[in-house]
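*Asks:* Provided herewith is a single structure, encoded as structure tokens, for subsequent inquiry.
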Amino acid sequence: MGSNRRDFIKFVVAGAVASGCPVDMALFATPADTAPTIEGEENKICHQIRDGKVFTRPPASAKHDIVIVGGGMSGLAAAYLLRKHDFLLLEKEPHFGGNAYLMEFQGQAYATGSAFADNQSVVDFANEIGLNPFPVDNFDPTIVNGEFIADTWGDGVDKLPYSPSVREAFKKFRKELLAIDYEKRETELYSVPATELMKGYPPELQLWWDGFGASSWGSRSEDSPAAAVVSQLQWAAAPNRKDDRYTWPGGLGALSKHLAEVLTPKYADRMLTDATIVAVSTEKEEVNVTYLQGADLKTVAAKAVIMATPKFITRRIVEGIPDKQDEAMQQMRYIPYALVNLIFDKDIYRKGFDNWCPGNSFTDFIVADWVIRNQPGFHPKYNILSCYTPLHEEDRRLLLTEPTARRVAGKVLQDFQKLLPTFDVDPIEVHLYRRGHPMYMTMPGVFTKVQPLLREPMDRIFFANTDSEGPISSTTQAIIAAKRVAKEVEHRLAGKPVPSRPEAVALAG
């Protein structure tokens, strides 16, 4: 697509690349009687901190049973599960939802991140809060070499538009992985890279899994554990397989939006946005949480604190993390991610839900209204296609400015229009949502050796977020983490020490 043609398309860039403003506690003086005067606007405060300005940490002005840091899916779910207690939920963004955040274009929802749930406990949770999910019921197709192939790892593997030898290699790979006893070899498979499985196979195979891994669990084949590839292929190609994924128009942002709407009428005064966490420190009988909201620096005290935040942030704002746990947090790596929504005012594509496109600037695209496309009376005005675009760690800079982010979106559109002849159509708008560190990289050893330490409680401080749980970064795991910490907090508030997990004790030793 030429630059002149692109000039007539509206590009919209949203999202934040920075992930809050974690503050080194050495910058804080001893609490004083006079609170500091702090100018508003979060970036200005962050720049002052960067430049060495020392702020006074004020004393606690309020007390709560629980403070939840982070209003993504894990923090929202924790607030819901612990709503009978006096909780305070703090979120740095102007909205809740985190990676599961829904946006709309003239009334039609589209995703900016998490696409679907694949766990019955999440389905049950959605039903509990009154949002019935829709089944996906469509094994993933692939679009490659100018052809659409339905059900890639099922019947589609015989139709892949490669040379006969490459197609046979795909079939051999499927057969070999289906023969693996996953349950018996799970620990071993999580310790070796996926490229061990791909030795001797043609590059087309690794290219396919490079895209799938980067989009699904943040790692290309060389950084992915073999277990992730084996479990995914066995799900997609097993003889008695079933597509157990559920979602809504706009992805799992619909779930976080609904959950916030359930909580807000009763608890709005305890759900704060634009609240940047400065410090979390354990005192004798409580935990102090200091945060910036607007021009105000505040401290609140709590009997328990839930850190529903990524660990690269957590370790910089929580005081006193044990050395082994801090080392584990430092081992976590996070990729930058862009989601480019192409908005067409005519039907372009509705043949598959999650469509893989190896060898492009984006990895896959999802039809935003897939699960309601066949509902009686559904006649959408727009066809919105959500292109998932995970970047390499060193390319995070491309999302920092609007001009470079627009170039990322422009490349996605260019690649999309070359996939099939019918795709060479201009959208009316292109919306890019950018995140700097949204997805941790699932790598060998992370699930079995690192994450057990990440979720070990610190007496009154508890660790949620999807990166505490594993094996992959997902809203499903974020909710599972929330359920775990809710039980731990209930235990602690009842005056009982939370027992350490045996695997974490062994690791710590």
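The values are calculated or read from the model by the stated rules, or taken from the named source; none is laboratory data. All of these numbers come straight from a predicted model, not from anything done at the bench. Note: ideal-geometry Cβ built from the backbone for every residue, glycine included; neighbour counts use all protein chains shown. Note: areas computed on protein heavy atoms with side chains; ligands, DNA, RNA excluded. Shrake-Rupley method; radii C 1.70, N 1.55, O 1.52, S 1.80 Å.
*Asks:* Give all pairs with beta carbons closer than 7 Å in which a residue from the range 444-456 that is surrounded by fewer than 21 Cβ atoms within 10 Å (Cβ to Cβ) meets a residue that is of a type in the set (D, E, K, R); count only pairs at least 6 apart in sequence or on separate chains.
*Replies:* Close Cβ pairs satisfying both conditions: Pro452/Arg501; Pro452/Glu503.
*Asks:* With respect to Thr422, determine if the residue is assigned to a loop (DSSP other than H, G, I, E, B), on the phi < 0 side of the Ramachandran plot and of a type in the set (S, T, N, Q).
*Replies:* no
*Asks:* Of the residues that sit in the range 262-276 and are in a strand (DSSP E or B) and modelled with pLDDT of 95 or more, which one is farthest from Leu89 (Cα to Cα)?
*Replies:* The residue in question is Ala275.
*Asks:* Of Arg185, Arg174, Arg167, Arg220, which residue is of a type in the set (Lys, Arg) and surrounded by fewer than 17 Cβ atoms within 10 Å (Cβ to Cβ)?
*Replies:* Exactly one residue qualifies, and that residue is Arg185.
*Asks:* Within the range 117-142, how many residues are buried (at least 18 other Cβ atoms within 10 Å of the Cβ) and touching a Pro at 6+ places or on another chain (Cβ under 9 Å)?
*Replies:* Residues flagged as buried (at least 18 other Cβ atoms within 10 Å of the Cβ) and touching a Pro at 6+ places or on another chain (Cβ under 9 Å) within the range 117-142 amount to 5.
*Asks:* Separate question: Of the residues that make up the range 239-259, is at least one free of Cβ contacts under 8 Å to residues at least 60 places away in the same chain and assigned to a helix (DSSP H, G or I)?
*Replies:* The answer is no, given that none of the residues of the range 239-259 is free of Cβ contacts under 8 Å to residues at least 60 places away in the same chain and assigned to a helix (DSSP H, G or I).
*Asks:* Output the residues belonging to the range 457-500 that are open to solvent by 40 Å² or more (accessible area, probe 1.4 Å), more than 21 Å from the chain's Cα centre (by Cα) and within 27 Å of Val123 (Cα to Cα).
*Replies:* Once the filter is applied, which keeps residues that are open to solvent by 40 Å² or more (accessible area, probe 1.4 Å), more than 21 Å from the chain's Cα centre (by Cα) and within 27 Å of Val123 (Cα to Cα), the range 457-500 yields Lys487, Glu490, His491.
*Asks:* Pairs under 7 Å by beta carbon, first residue aromatic (Phe, Trp, Tyr) in the range 317-334, partner open to solvent by less than 20 Å² (accessible area, probe 1.4 Å), six or more apart or different chains?
*Replies:* Tyr334/Tyr440; Tyr334/Met441
*Asks:* Here's a follow-up. Report the residue count in the range 76-103 for those that are of a type in the set (A, V, I, L, M), open to solvent by less than 10 Å² (accessible area, probe 1.4 Å) and at pLDDT 95 or above.
*Replies:* 8
*Asks:* Select from the range 114-167 the residues that are without any contact (Cβ under 8 Å) to a residue 40 or more places away in the chain and either of a type in the set (S, T, N, Q) or part of a loop (DSSP other than H, G, I, E, B) (or both) and list them in ascending order.
*Replies:* Asn127, Asn132, Asn145, Asp151, Lys159, Leu160, Pro161, Ser163, Ser165 - these are the residues of the range 114-167 that are without any contact (Cβ under 8 Å) to a residue 40 or more places away in the chain and either of a type in the set (S, T, N, Q) or part of a loop (DSSP other than H, G, I, E, B) (or both).
*Asks:* Among the numbered criteria (1) closer than 14 Å to Gln330 by Cα; (2) open to solvent by 10 Å² or more (accessible area, probe 1.4 Å); (3) touching a strand residue (DSSP E or B) at 6+ places or on another chain (Cβ under 9 Å); (4) not aromatic (Phe, Trp, Tyr), which single criterion is violated by Val425?
*Replies:* Here Val425 clears every test but (1).
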